1. Which order results if 191, 85, 32, 117 are arranged by neighbouring Cβ count within 10 Å, fewest first?
2. If one computes the Cα centroid of the range 124-140 and of the range 145-197, what distance in Å separates the two points?
3. Taking neighbour counts of Cβ atoms within 10 Å as a proxy for exposure, in what order, fewest first, do 167, 17, 48, 130 appear?
4. For a quick check: sort 176, 57 by the number of other beta carbons within 10 angstrom, fewest at the front.
């Protein structure tokens, strides 16, 4: 029989996973991992770099944003540091895995196991791997601050984990918050599984209810 189970724990689990996934998407596509010094003429405009995109204040007063290069990972390391290439890979991997788990959280409303394994446990493991993947990217990105590109933006004193005249941007913090929420979601999956197995839920299913909503 087809039925749908929605509990407060499973709902919180889904929302936590979804918000973390959105934060990873923001971190992946936005260029504000590292912000250059504010311009005297226009303090709101700052050159910045992300893991695959950058924004640059032009000499004639314009503002240009875009990817580093169409070749991506094949770009020379003096232009696109190898550490940032690795960071992009790990953030992309974490985002992809977490996106799949968001779909799996919806699946658990109708099904609790697959191939003899708990979907909740498999999802929790995938979320842990996703969080670790993006955490690696958070450590790799500062290792690329020795690159010539960063030293032109932040000053010659820039080195790994020391941005000199630059500052950490909102994209970096989005990734950090996303990692925290991802690990929290992995823990919530266990609570969601136990709430779906409660006697109240079983009684409702056995009585023929197709939609079971339990706070």
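Where a number appears in this text, it was derived from the coordinates with a stated rule and is not lab data. What you are looking at is a predicted structure, and each value in this text was computed from that prediction instead of being measured. Every residue, glycine as well, gets a Cβ built from its backbone with ideal geometry; the counts of neighbours run over all protein chains shown.
1. If I rank by nearby Cβ atoms, fewest first, I get 117, 191, 85, 32.
2. About 10 Å separates the Cα centre of the range 124-140 from the one of the range 145-197.
3. 167, 48, 17, 130
4. By the 10 Å Cβ count, ascending, the order reads 176, 57.
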